[in-house]
Amino acid sequence: MPEHLELQHLVELSVGSDETLPNLLENKRPLVKRCPYLGLLLATLSSLFFSLCSVIVKSLVNIHPIQLAMFRFIGVFLPTVPIVIYTEKPIFPQGKRILLILRSIVGTVGLMLSFYAFRNMPLADASVIVFSVPVFVALFARVFLKEPCGVWNTISIVLTLVGVILITHPPFIFGKEEVVVNQNYNSLWGAVAAFVSTIFGANAYVLLRVLKGLHFSVIMTNFGAIAIVQTLFCSFLFGILCMPNCGTERVLVVCLALFSYLGQILLTMSLQMEQAGPVAIARSADIVFAFLWQVLFFDEIPNKYSIGGAVLVLCSVFLVGLRKWALALPAESQLRKMLGVLAQ
């Protein structure tokens, strides 16, 4: 699963449940004088950097997506090593090792599949499907953790599935209507990869909930290290390991790792300033950026199905974010009363 979609939960789970995080962070807010909307601005900038990572993945056509995933994991792993050393946490704690390995494998497969989707689908379409990961968490949490899946979660899942169907535009539903597609795309397998990546990503969230007692730096260090080994092995297995060409390719590879790191740092800072719900809504800017880059960099105009599907997925993400925000507010809060049934 793409790490920018899970870092929010890593930070939350390292201190406790979603409901306790705002209270813990609230105690620190008076110590810092800042713009009231700085946290949301940082979350939006985080979306900008992560969306630029998608552009780089799509642009580097001479480097296989699996190898690009390896470079990105290097950018994730190296900055977290000093953090885990500073915190003096056990890097590979007993009793959690199998879960850490499983979580890393699931997350790595999810990210590799999302990179494949970016390469073989219009950027905006792939981004919308991949970004819908949090919506499916409730479904898998219900299956594996026996957590309740209420009516609002069900509505979000239905909206997302309809949106994904509109974006992928399967012929057995819409017929063989001609849609202008880049000849280099393998849209069918790209759509399959994007959707399967959301399944792996949602299960990565579930595993993170099981690992909620561990500090986020321990989880990210294990994730980065195991992912590098996994992607390196896959690169050898498929014979795709190669050095990027001198010049632009190497610069873009470095930018991929750097933008991943900057996106994560900005997202972490935004979560230290804002509650998780508003940050999740601000992160929806990722989809808007994806549509913008698709037109500017790749000269691909989204069709009516892509736009309609994106609107439905955005609505579902907004619904999840608003409900998360409402549930985190104090019971006597006027804002919680304004959000009404979402807080029930």
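For Ala124, are the conditions met, namely being farther than 24 Å from Ser306 by Cα and of a type in the set (A, V, I, L, M)? Please lay out each step first, then the result.
Details: farther than 24 Å from Ser306 by Cα: no; of a type in the set (A, V, I, L, M): yes.
No, not satisfied.
Filter the stretch 291-322 down to residues that are open to solvent by less than 80 Å² (accessible area, probe 1.4 Å) and aromatic (Phe, Trp, Tyr) and give me whichever is nearest to Val162 (Cα to Cα).
Tyr305
Which of the residues belonging to the stretch 221-251 are of a type outside the set (A, V, I, L, M, F, W, C) and in contact (Cβ under 8 Å) with a residue 12 or more places away in the chain? Before you say what the answer is, go through the steps one by one.
Applying the first criterion (of a type outside the set (A, V, I, L, M, F, W, C)) to the stretch 221-251 yields 221-222, 224, 230-231, 235, 239, 244-245, 247-250.
Matches in the stretch 221-251: Thr221, Asn222, Gly224, Gln230, Thr231, Ser235, Pro244, Asn245, Glu249.
The values are calculated or read from the model by the stated rules, or taken from the named source; none is laboratory data. Predicted model, so just to flag it, every value in this text is computed and none were measured. Glycine also receives a Cβ, built like all others from the backbone with ideal geometry; neighbour counts cover every protein chain displayed. Just the protein is used for accessible areas: all its heavy atoms, side chains included, with ligands, DNA and RNA removed. Shrake-Rupley method; radii C 1.70, N 1.55, O 1.52, S 1.80 Å.
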